[in-house]
Each structure stands twice: as structure tokens, then as C-alpha cells.
1. May I ask which of K86/K226; K54/K80; K45/K104; K10/K32; K151/K229; K136/K229 have a Cα-Cα span longer than 24 Å here?
2. Quick one: order F121, F100 by neighbouring beta-carbon count within 10 Å, fewest to most.
3. Run the paramagnetic zone check for N144: 7 angstrom along Cα to Cβ, then residues of the range 94-109 with backbone nitrogen under 18 Å.
4. Work through the residues other than E213 whose Cβ is under 15 Å from its Cβ and net out their charges, Lys, Arg +1 and Asp, Glu -1.
5. Rounded to the nearest whole Å³, what is the per residue volume of the convex hull around the Cα atoms of the range 8-180?
6. What does the charge dipole of the range 128-203 about its Cα centre add up to, to the nearest 20 debye, if the Cβ of each Lys and Arg holds +1 and the Cβ of each Asp and Glu holds -1?
7. Would you mind calculating the gained length between N42 and V11 on full extension (0.36 nm times residue separation, minus the Cα-Cα distance), in nm to one decimal?
8. Which Cα, out of N209, N98, H79, lies furthest along the positive dipole direction of the range 72-218 (beta carbon charges, K/R +1, D/E -1)?
Amino acid sequence: MAGTLASRLKVPPPEVLKIITLASKDYLPLLKPTERTLSLTNRLKSYFIPSMIKTASHYGLVSLASTQINHPSKVIIVHKNPEEAKWLGYQASEKDYNVFINPKIVDDSAIDTHYDDASEFCPSLPDFEAICRRKKSILMTYENINGDEEKLVTEGFEARVIQHEVDHLIGYLMIMTPVSFGRIKGVGKVEEEVKKFQEDIEERRRVLNDLYEKNPRFRKSIERSKKTKETAINDMIMTRSMNAQILLKFANTYTTNKVEIPALIDNDYNNVLKEFKVVR
């Protein structure tokens, strides 16, 4: 018994781990938020985090989140010298990554809150590229590998990469950001599915833009919301329910283990059509 317990407690050497994708049978961890990492166990410090780094290095990735290797810790790693717009193709060693434990992006009035749109890549969604809107500059709090609390102010591509990975820890993928809807590029098995999705989005956008031009009451409702026309219309088009449906459809395109797609309703968009008596 003691020998068995000792063998269970023995920490194995770091290794290259499988990155889960929507094509994986166990893809659901990608959509679940992780809990705060409370203790830096020997296994976490000596096996899982080094294995994350080894995995990112092996695949030449700029970054990786713990959820992508199906581990419930709240950890991201990011290349120390990320090259602008380069998500893949790094000739990296295991010394080239910073480790951020329990990372949190903090709202701070001293930080520039301007946004930028740019294309992103994710090894958990290898057949997609998406245009995502991110803050240009961020303040992040985190713990280092020794458990000490630290802060980081960064901007540009590094800030984008960190936001992408922190999203992973809350179960949020790059194709789920509102601005990326209709601006997703798919290849291979999902190319036709994405194309149909984009056509549906553009049709919704056409209907609501036309309503904005022709219906003063609808136009005033947007003005009262104090959102830009683009933002207000995007919010009506891209609801959480549609988001969930399209993710499950993509997952079913990928894998033979089909999941049931619930009959969800796009309330915001459909309610607008009903309220303003738009005939489709």
C-alpha cells in the first residue's frame, strides 16, 4: 500500500501534453471557467507548469492556457519576446516563457482604454482565424511561480496575447467575442459552415441597418442606449444563445461524438423584429 501511494505521489518528469480542441472528445473544458489556484503544489510547479511550457515550446506557440491541456489550474504562459502578429512558428526553448498564475486584467483609469481589431489564431481552434477587439494597453495582476503577487503593465501584441489567454480561463474562445462574429475565417471541414454563418450574420446586419435608416423610433432607441450604431446592432445580432449554438455546431462538424444542440432563441434580434414589425 505504501509503495502504491508513493508511486502515485511521485511527480513525473515534464512532457509534451495534448492540446484539446473542439475536435477533441473532451472539448468541454474549453468552455468551462476555472477556479482560482489556491496552492502551488509540488506537482503543479514541477510537472504541470513545466509541461505547459514544454508543450508551447514543442509546438512553437506564443502562449498557452492551462485549460487547453485540460488542467483546472488558473495559469497562462506567454513568450517573453512575442513578435507582432506572430501566434505560431517560434523556435522557442523552455526558458523563453513567462508564467502567470491567477492572472486578472484590472480596470484602471490610468491605463489607456483604446481598442484595436486584429486577427488571432488559437491551437484549440486550428481551423479558424477571427478578428478580435482587444484593449491596446492592460494592467494585469498575477502571482509568480513562488506565489508572490506582482503587477504587469503592457501594450500592443503582448497585451492582446494575454487577453486571449485570460479569456481561456473563463471558458471564452476567440470566436465568441462579439466583434469576431461575421469576421471568422474557416478552412477545411468548417469552411462551408463558417461561410453560411457569415451570410446569416450579414443578412441580420442588413436588416437592422435598413431599419435604422427607415424607422425613427428604432433610431431613437439606439441613441438612448448611448452606444454607437455599430455596437448596438452587433449586440442585437450576436447573442449568447446563438454563440452557444454555433460552437456546438462547429464541434459536431469536427467529431463523430455528436452532442445535442439545444433549441435556443436569439431573443435580442427576434424581439427587435417583433417590436418593430419587421417581416423576414
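1. Where the Cα-Cα span goes over 24 Å, the pairs concerned are K86/K226; K10/K32; K151/K229.
2. Fewest-to-most ranking of F121, F100: F121, F100.
3. Within reach of a label on N144: 95-104.
4. Once all neighbours under 15 Å are counted, the net charge is +4.
5. Normalising the Cα hull of the range 8-180 by residue number yields 115 Å³.
6. Around 240 debye, computed over the range 128-203.
7. Computed gain between N42 and V11 is 10.4 nm.
8. Selected residue: N209.
None of the figures in this text is laboratory data; all of them are computed from the coordinates on show. The model shown is predicted, which means the values in this text are computed figures rather than measured ones. Cβ coordinates were reconstructed from backbone atoms using ideal geometry, including for glycine residues, and neighbour counts include every protein chain displayed.
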